[in-house]
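**Q** Mind having a look at this structure? Questions to follow.
The values are calculated or read from the model by the stated rules, or taken from the named source; none is laboratory data. This structure is a prediction, so every number in the text was calculated from the model and none was measured. With ideal geometry, Cβ positions are generated from the backbone for all residues, glycine too; neighbour counts draw on all protein chains shown.
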């Protein structure tokens, strides 16, 4: 089975700290995604990457950056954490099917609290 | 931009009964996929069922089936013989040829023993 691993399940940080959320997938998937999940808002795309060193902004990229130096690893960076970035962060990966993504595989999420 | 709408924030069903979760979407594309994902309290998102837009036949997976109405842009999930383990947040999702996935706001399903 595909495994998407997020390095932390719970994380508590202080305002202004630089925060790194790490995600690793083990199935050689081209595409990787970072979502933010908030009650009543569903999942919102922050950034995605379709290849090493490539990145595309999603719907809510402000305050975030990403890094993909290796195919299996996709990092989300909060340059200066703020309280409004307290949220659940979900990493996902997918493979190219016939030109349309077949499905997303998700990590188990990181609940980030910024105090 | 594509949008996915789930108009039922919460639903409940008696154990062994049937429940239908609603989803509508907006797109101008003809080639796309639709999904239902389940997120139990463990937070692990699990794919429940997938529908290719070009297929007229509704997808089924054991107790889970969909009613896909392409012209109406509607994609509802029916859960038959509901079980306690079906209690979760359910997300409807759309995927286009641009490799992006769009999610609804979710429906929280409670199963009453």
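**Q** Kindly list, by first and then second residue, each pair from a residue in the range A:89-103 that is within 7 Å of another protein chain (Cβ to nearest Cβ) to a residue that is modelled with pLDDT under 80 and surrounded by 15 or more Cβ atoms within 10 Å (Cβ to Cβ), limited to pairs with Cβ atoms under 6 Å and residues at least 6 apart or on different chains.
**A** So the pair list comes out as A:101/B:99.
**Q** Suppose the filter is surrounded by fewer than 21 Cβ atoms within 10 Å (Cβ to Cβ) and either in contact with a strand residue (DSSP E or B) (Cβ under 8 Å, 6 or more places away or on another chain) or free of Cβ contacts under 8 Å to residues at least 40 places away in the same chain (or both); does residue A:65 pass it?
**A** In short, yes.
**Q** How about the range B:55-82: which of its residues are closer than 30 Å to residue A:57 by Cα and crowded, with 21+ Cβ neighbours inside 10 Å?
**A** Result: B:75, single match.
So that you can scan it fast, the table gives a plain yes or no per residue for (1) under 17 Å from residue A:106 (Cα atoms); (2) within 15 Å of the chain's Cα centre (by Cα); (3) in contact (Cβ under 8 Å) with a residue 40 or more places away in the chain:
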| site | (1), (2), (3) |
| --- | --- |
| B:10 | no, yes, yes |
| B:13 | no, no, yes |
| B:16 | no, no, yes |
| B:25 | no, yes, yes |
| B:30 | no, no, no |
| B:34 | yes, yes, yes |
| B:37 | yes, yes, yes |
| B:41 | yes, no, yes |
| B:49 | yes, yes, no |
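**Q** Based on what the data block shows, is residue A:69 within 14 Å of another protein chain (Cβ to nearest Cβ) and under 19 Å from residue A:4 (Cβ atoms)?
**A** no
**Q** Tell me, which residue of the range A:88-115 that is modelled with pLDDT of 95 or more and surrounded by fewer than 19 Cβ atoms within 10 Å (Cβ to Cβ) is farthest from residue B:50 (Cα to Cα)?
**A** Applying the filter and picking the extreme gives A:115.
**Q** On to the next question. So if I check each of B:90, B:102, which one is touching a residue at least 40 places away in the same chain (Cβ under 8 Å), within 16 Å of residue B:47 (Cβ to Cβ) and more than 12 Å from the chain's Cα centre (by Cα)?
**A** The match here is B:102.
**Q** Give the residue that is farthest from the other protein chains (Cβ to nearest Cβ), with candidates limited to residues of the range B:24-39 that are more than 13 Å from residue B:95 (Cβ to Cβ) and either touching a helix residue (DSSP H, G or I) at 6+ places or on another chain (Cβ under 8 Å) or surrounded by 17 or more Cβ atoms within 10 Å (Cβ to Cβ) (or both).
**A** This residue is B:24.
**Q** I've got another one for you. Which is within 12 Å of residue B:6 (Cβ to Cβ) and either surrounded by fewer than 16 Cβ atoms within 10 Å (Cβ to Cβ) or within 13 Å of another protein chain (Cβ to nearest Cβ) (or both), of B:85, B:106?
**A** B:106
**Q** Hey, any hits in the range B:81-103 for a residue that's farther than 28 Å from residue A:38 by Cβ and part of a loop (DSSP other than H, G, I, E, B)?
**A** Yes, the range B:81-103 has at least one match.
**Q** Please go through (1) surrounded by 15 or more Cβ atoms within 10 Å (Cβ to Cβ); (2) in a loop (DSSP other than H, G, I, E, B); (3) in contact (Cβ under 8 Å) with a residue 40 or more places away in the chain for residue A:80 and return the number of the only condition it doesn't satisfy.
**A** For residue A:80, the exception is condition (1).
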